[in-house]
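A short reminder: the numbers here are calculations on the coordinates, not readings from a lab. The structure presented is a predicted model; accordingly, all values stated were derived computationally and were not measured. No Cβ is skipped: glycine too gets one built from the backbone with ideal geometry, and neighbour counts run over all protein chains shown.
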Amino acid sequence: MITTTTTAIEGHPVRQYLGIVTGETIIGANIFRDFFAGIRDIVGGRSGSYEKVLGEARETALREMTERAALLGANAVIGVDLDYEVLGAQNGMLMVTASGTAVVLG
């Protein structure tokens, strides 16, 4: 399935718009604590473990979004947007949301 942040794909006209699709994932507070406990993983101001989990969360949200698009009969999702939000009473969770428009390309 094609996914893109653009609203059009050159050479592939949109034949049908099927609606908005989303995918969400939430990373809990324990994950953050575990990463900060392993501070030795930080090299050059970056945490490889932290980035890995954020990447996995992003991929999960994108996968859920494309799965929902496929259920609608789409072969692409255009206008994809990724959002990151801190949640919880003490900002102990991070939600990653992917959204876009499911379409059938010609």
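With each label point set 7 Å from Cα along the Cα-Cβ vector, what nm distance links Glu10 and Leu72?
2.6
With a point put 7 Å past each Cα toward its Cβ, work out how far Leu82 is from Ile26 in nm, to one decimal.
2.1
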